[in-house]
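I have placed the structure first, in the form of structure tokens, so that the comments after it can refer back to it.
What follows is calculated from the coordinates using simple rules that are stated; it is not laboratory data. Fair warning: this is a prediction, and the values are worked out from it, not measured in the lab. No Cβ is skipped: glycine too gets one built from the backbone with ideal geometry, and neighbour counts run over all protein chains shown.
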Amino acid sequence: MRLGREVQALPRSGGLIFDLTGKVALVTGSGGGLGLEIARGLAQAGALVALHGRDAARLAAVGEARFETCVADLADEAATGAAVAALAARHGRIDILVNNAGGRDRRPVEALDRAAVRALIEIDLIAPFDLVRHVLPHMPAGGRIINVTSIAGPIARGGDAAYTAAKGGLDALTRALAAELGPRGITVNAIAPGFFATDANREMVEDAEVTAHLARRTSLGRWGEPAEIAGAAVFLASPAAAYVTGQTIAVDGGYLAHF
């Protein structure tokens, strides 16, 4: 007995259930850090990947011919829409959207005025919402939307209220979009990174107290290496995750599971 719409059977041999050959992917905020590692993982699995950022020179400095670039300031809705439309026009569709670009403002509540909170919510929550709106007309059934949230969504620490609120909102948006877009055959999931040894975190990486905290607090007892984020993205973008939607996968070395 068959229930619901027809679905394509998964390959039963080799590594083909993770094959992204022929898929077109846009990864925002991918000029470096976790975004670049996600882009590399998708490209290695066969996808045609567009790196995104505000600075064309920084994207060019990545120096990997397998990527094309998409330059736009996500604070500019018109520019974002035009960049997405141009990418779709070149390839006929966008199969994978990874909303990775984001910001952080670690300050106490009393130090954050309304403008600062709005600026953070604009980049961490409203920009992903806008990108989904712009990409959807070009995304076929089988499309994948992956939001990069944070373990600061479900848990919190002092001095980080605006970021935690924005990432918690992105978690909620992930579930809402999964419910809305499922009938169109599009899955929506999120990746919540823990502590990764990126250039942006260099000061913390070099702080012996932070490293000691992670040794005690994470199940694996260490910082994550940036390349270790890519596997979750490839999984969620691939046929292997065809029946996974509305979920947030923590890639955190066991931080959320460990106390």
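Observations on the model:
- Put in order of Cβ neighbour count within 10 Å, fewest first, the listed residues Asp207, Asp199, Asp252, Asp105 become Asp199, Asp207, Asp105, Asp252.
- Taking other residues whose beta carbon is less than 13 angstrom from the beta carbon of Asn189, and scoring Lys, Arg as +1 and Asp, Glu as -1, yields +1.
- Simple rule: put +1 on each Lys or Arg Cβ and -1 on each Asp or Glu Cβ in the chain, find the dipole, and look at Leu74, Gly153, Ala56; the Cα lying farthest toward the positive end is Gly153.
- Given +1 at the Cβ of Lys and Arg, -1 at the Cβ of Asp and Glu and no other charges, the dipole of segment 98-226 around its Cα centre is 380 debye to the nearest 20.
- Estimated translational D of segment 83-186 in µm²/s (Stokes, Kirkwood radius over Cα pairs; 37 °C; 0.692 mPa s): 223
- Averaging over all projection directions, the Cα-based convex hull of the chain occupies 15.3 nm² in the image plane.
- In a reduced charge model with +1 at each Lys and Arg Cβ and -1 at each Asp and Glu Cβ, the chain shows a dipole moment near 780 debye about its Cα centre.
- Under 5 Å, built H, 5+ apart or other chain: amide partners of Ile191: Asn147, Val148, Thr149, Ile249
- Cβ-defined net charge surrounding Ala250, 14 Å radius [Lys, Arg +1; Asp, Glu -1]: -1
- Span-like helix ranges in the chain, DSSP H, alpha carbon extent 15 angstrom or more, Kyte mean at least 0.0: 33-44, 77-91, 161-181
- Gap separating the Cα centres of segment 49-112 and segment 126-203, nearest whole Å: 15
- Lys/Arg +1, Asp/Glu -1 at C-beta; segment 18-251 dipole; positive extreme among His91, Ala166, Pro183: Pro183
- Amide H contacts under 5 Å for Tyr255: Ser219, restricted to partners 5 or more places along the chain or on a different chain, H placed in the peptide plane at 1.01 Å from N.
- The spacing between segment 16-47 and segment 222-259, judged by their C-alpha centroids, is 14 Å.
- Arranged from fewest to most other beta-carbon atoms within 10 Å of their beta carbon, Ile186, Ile145 become Ile186, Ile145.
- Listed residues Gly81, Gly102, Gly168, most fluctuating in the chain (Gaussian network, C-alpha, under 10 Å): Gly81
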